[in-house]
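A quick write-up on the structure given underneath.
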Amino acid sequence: MSSYEAIRYAVTDHVATITLHRPDVHNAMNHVMRRELTGCFEGLLGDDDVKVVVVTGAGERAFSAGADIREFVEPLPAVRFREQRRRVEFRQVMDRCPQPIIAAINGFALGGGLELALACDIRIAEAGAALGLTEINLAIIPGGGGTQRLPRLVGRGKALEMILTGARVPADEALRIGLVERVVPAGEALKAATELARTIAGKAPVALRYAKEAVVKGLELPLADGLRLEGDLSTLLRTTEDRVEGARAFLEKRAPRWTGR
Ligand code: COA
C-alpha cells in the first residue's frame, strides 16, 4: 500500500486499485491529484507485476466531481497556460498503459471525473451514479479528452447532446447508450470491478497485453493496418511458452500455470 496525498494506491493479487481520495469535495481533481495520477500511471507502464488496474472514488457518493472548481476562480495567466500545455496529461499516460483499466463508478462522474472514466477500458457503474460532461455550465469545454473519447463511445449526436447541455446521465441510460458496460446495485461497483479484474488477471500475461494493444491501437488505425497489427501480435504469441502450456493444460485437463514467457 503506497500513500499519496490525494489518491490511494494498493496492489493485491496482481490487481492495482487506485482510489481518488478527496471525499470532502466529491474527489474533485486538484493539481496534486493530477500530478499523483500521472506518477502512478507512469509507474504502471513498466510494472509487470500488476496485470489489471481498477480506478474508483473514496466514499459513497462520488467517483469524481471533476476538476476542482476552486482552482478556477482566478483567470489563467499566460505563463500558467504555457506550463499547462507542457504538462503531461495523465489520461494520455493511461492510453499507453499495457494493463486493462476498469473504472468502478461509485457515484457522480462529472467533468474530468467522467473523462478519467472514459480513459479507462471498461466501465462499471452502480445504480444511482450520474455521469456527465458538465463543463459547459462553467463556460468551458471538456479538456481532458472528453470531446474526443465520448463520441467514440456513444456517437456524435449523443456526445454533443451531453456536452452542449452539460446534462447528467443516470446509470441505466449510460448502460443503454454504451457509456458503461455494466450497472450493479448501489455500493457494489468496486466489488464487481475487482472480481472482473481478478478474472482477467488469471489469464496469460502476454496475451492480455497484446489483446489490449490490438483493440486500443487498432481502433485508431484503418482496418487493413489494424488487421496487420492483430496478425503480428497473434503470430508473436505463438512463440510463447504460455501458448504451449495452455494447450498442454487443456489436453491434460488441468489448470494452466502461466509464466508470462
Ligand atoms: N470542485 C471543487 N469542489 C467541489 C466540486 C468540484 N468539482 N464538486 C463538489 N465540490 C465540493 C462542494 O463545493 C462542497 O464543498 P463544501 O462542503 O465545502 O461546500 C462539497 O464538495 C460537497 O458538494 P455539494 O455540492 O454540497 O454536494 P451535492 O451532493 O449537493 O452535489 C454535485 C454534488 C457533484 C452534483 C455538485 O457538487 C456539483 O455539481 N459539483 C460540480 C461538478 C462539476 O461541474 N464538475 C466539472 C468541473 S469542470
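The values are calculated or read from the model by the stated rules, or taken from the named source; none is laboratory data. Fair warning: this is a prediction, and the values are worked out from it, not measured in the lab. All Cβ positions, even for glycine, are placed from backbone atoms using ideal geometry, and neighbour counts span all protein chains on display. The protein model used for the area step is the full one, side chains on, heavy atoms only, and it has no ligands, DNA or RNA in it. Shrake-Rupley method; radii C 1.70, N 1.55, O 1.52, S 1.80 Å.
Values for this structure:
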quantity	calculated
Any pair with Cβ under 8 angstrom, 6 or more apart, that starts in the range 165-184 at a residue that is polar (S, T, N, Q) and ends at one that is modelled with pLDDT of 95 or more and crowded, with 22+ Cβ neighbours inside 10 Å	none
Top-ranked residue of the range 8-29 - restricted to ones that are free of Cβ contacts under 8 Å to residues at least 40 places away in the same chain, under 17 Å from residue 112 (Cβ atoms) and within 15 Å of the chain's Cα centre (by Cα), ranked as least open to solvent (accessible area, probe 1.4 Å)	18
Qualifying residues in the range 227-242 (those that are touching a residue at least 12 places away in the same chain (Cβ under 8 Å) and in a helix (DSSP H, G or I)) - the one surrounded by the most Cβ atoms within 10 Å (Cβ to Cβ)	242
Yes/no for residue 165 being among the hydroxyl-bearing types (Ser, Thr, Tyr) and over 29 Å from residue 242 (Cβ atoms)	yes
Every residue from the range 132-176 that is open to solvent by 30 Å² or more (accessible area, probe 1.4 Å) and within 23 Å of residue 101 (Cα to Cα)	143, 147, 148, 149, 151, 152, 153, 170, 172, 173, 175, 176
The range 30-54 residues that are in contact (Cβ under 8 Å) with a residue 40 or more places away in the chain, paired with ones that are assigned to a strand (DSSP E or B) and open to solvent by 40 Å² or more (accessible area, probe 1.4 Å) (beta carbon under 7 Å, 6 or more apart)	50/11
Candidate set from the range 98-132 (those that are outside any strand (DSSP E or B) and within 20 Å of residue 51 (Cβ to Cβ)); member that is nearest to the ligand (Cβ to nearest atom)	119
One residue from 6, 10, 16 being within 16 Å of the ligand (Cβ to nearest atom), modelled with pLDDT of 95 or more and on the phi < 0 side of the Ramachandran plot	6
Residue in the range 96-103 that is open to solvent by 10 Å² or more (accessible area, probe 1.4 Å), at pLDDT below 95 and farther than 27 Å from residue 171 by Cβ present	yes
Residue match in the range 78-90 (condition: outside any loop (DSSP other than H, G, I, E, B), of a type in the set (A, V, I, L, M, F, W, C), modelled with pLDDT of 95 or more and open to solvent by less than 10 Å² (accessible area, probe 1.4 Å))	no
